[in-house]
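Before any comments, here is the structure.
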Amino acid sequence: MRYLIRLGTVQRFYHFCGTLVPGCLLLGVSIIAYGVIGGLFLAPPDYQQGEAFRIIYVHVPCALLSLLLYLALAFFSVIFLIWRIKVADMMAYCIAPLGAFFTVCALLTGAIWGKPMWGTWWIWDARLTSELILLFLYMGYMGLYHALPSPKSAARASAILAVVGVVDIPIIHYSVYWWNTLHQGATLSLKPTIESSMLKPLLAMILGFCFYTAALLCIRVRTEIVKRSRTR
Amino acid sequence: MMGKYGWFIWSAYGLVLGGLVGLLWYSIREAIQVKTKQAP
């Protein structure tokens with residue numbers, strides 16, 4: 001606990017992030033490379049969807065990261081609201097654009113997958129609509145952060161929005177069970193039904209995306225620390 | 001390659017992987033710009 005409190009100081013966190021960047025980036029790029037090769041060339045085609053199922057290897061990691069990053073955004077917002085830790089606010093601020101990127105990618109790759117499989121790019125399905133609301137939450141967070149003139153009130157207001165918006169996460173996850181949707185059920189579970197030769201590249205892509213995002217986040221947080229230290 | 005779904009598959013991969021590379025490039029460029037900028 002004492003280590004975590006010490007890590008909360010801006011200087012220590014700046015150096016901590018710096019040490020993480022090369023390892024996370026290297027791991028991320030190599031695991032993603034394995035996942036892309038496995039997903040595009042090594043995994044067999046699906047018996048129903050044929051080759052089109054290969055979009056799963058980019059769609060699922062993006063969708064999963066859009067949810068995980070929002071949870072992280074809400075987590076750091078809670079920490080900021082309770083303990084007023086500056087680093088937590090910076091983390092939340094840097095997570096938001098990354099989460100928005102993955103949400104856009106999840107929606108677009110879903111549309112690209114939906115056209116050949118469902119015959120339509122978009123449908124007002126519960127899963128798709130709740131994911132679109134997640135994008136609006138990310139955009140709302142970023143918009144609110146820049147809209148208010150006082151940085152302190154902007155950080156506070158957007159943190160409250162992030163915490164309130166977390167209600168959308170279980171809705172996205174359980175939407176395929178609660179409503180009769182066109183979207184298929186959860187791809188990953190504790191006992192996945194997906195064949196192991198198809199599952200391995202998917203897990204690799206998810207892991208690779210996580211490392212890559214961690215590296216991006218560290219770079220962005222370091223930049224934000226330098227920016228804020230100059231404007232202080 | 002990839003049969004009749006090739007365009008869909010490659011565009012999905014291109015979008016995501018291209019976006020990831022773009023994000024990294026933008027983040028590094030911003031980090032260099034901020035570091036090299038003189039303090040006010």
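The values are calculated or read from the model by the stated rules, or taken from the named source; none is laboratory data. Keep in mind that what you see is a predicted model, and the values were worked out from it rather than measured. All Cβ positions, glycine included, derive from the backbone under ideal geometry; neighbour counts span all protein chains shown.
Data for the structure
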{"read-out": "Selected residue [of a type in the set (Phe, Trp, Tyr), part of a helix (DSSP H, G or I) and within 14 Å of chain B (Cβ to nearest Cβ)] from A:Tyr141, A:Tyr212, A:Tyr145, A:Tyr174", "value": "A:Tyr212"}
{"read-out": "Tally of residues being more than 13 Å from every other protein chain (Cβ to nearest Cβ) and surrounded by fewer than 18 Cβ atoms within 10 Å (Cβ to Cβ) across segment A:120-130", "value": "5"}
{"read-out": "Odd one out for A:Thr120, checked against (1) assigned to a helix (DSSP H, G or I); (2) modelled with pLDDT under 95", "value": "(1)"}
{"read-out": "Filtered residues of segment A:88-109 (kept if under 17 Å from A:Met205 (Cβ atoms), buried (at least 24 other Cβ atoms within 10 Å of the Cβ) and among the aliphatic types (A, V, I, L, M))", "value": "A:Ala106"}
{"read-out": "Subset of segment A:110-136 [among the charged types (D, E, K, R) and within 18 Å of A:Ile206 (Cβ to Cβ)]", "value": "A:Glu131"}
{"read-out": "Failed item in (1) of a type in the set (Ser, Thr, Tyr); (2) at pLDDT below 90; (3) surrounded by 12 or more Cβ atoms within 10 Å (Cβ to Cβ), with A:Ser30 passing the rest", "value": "(2)"}
{"read-out": "So B:Lys37, is it exposed (fewer than 11 other Cβ atoms within 10 Å of the Cβ) and either farther than 15 Å from A:Met205 by Cβ or not hydroxyl-bearing (Ser, Thr, Tyr) (or both)", "value": "no"}
{"read-out": "Meets criteria (over 29 Å from A:Ser196 (Cβ atoms) and touching a Ser or Thr at 6+ places or on another chain (Cβ under 6 Å)) for A:Ala126", "value": "yes"}
{"read-out": "Condition check for A:Phe80: among the aromatic types (Phe, Trp, Tyr), surrounded by fewer than 22 Cβ atoms within 10 Å (Cβ to Cβ) and part of a helix (DSSP H, G or I)", "value": "no"}
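Quick grid of which residues meet (1) within 16 Å of the chain's Cα centre (by Cα); (2) in contact (Cβ under 8 Å) with a residue 24 or more places away in the chain; (3) within 17 Å of A:Leu69 (Cα to Cα):
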{"site": "A:Phe136", "(1), (2), (3)": "yes, no, yes"}
{"site": "A:Ser158", "(1), (2), (3)": "no, yes, yes"}
{"site": "A:Pro170", "(1), (2), (3)": "yes, no, yes"}
{"site": "A:Gly185", "(1), (2), (3)": "no, no, no"}
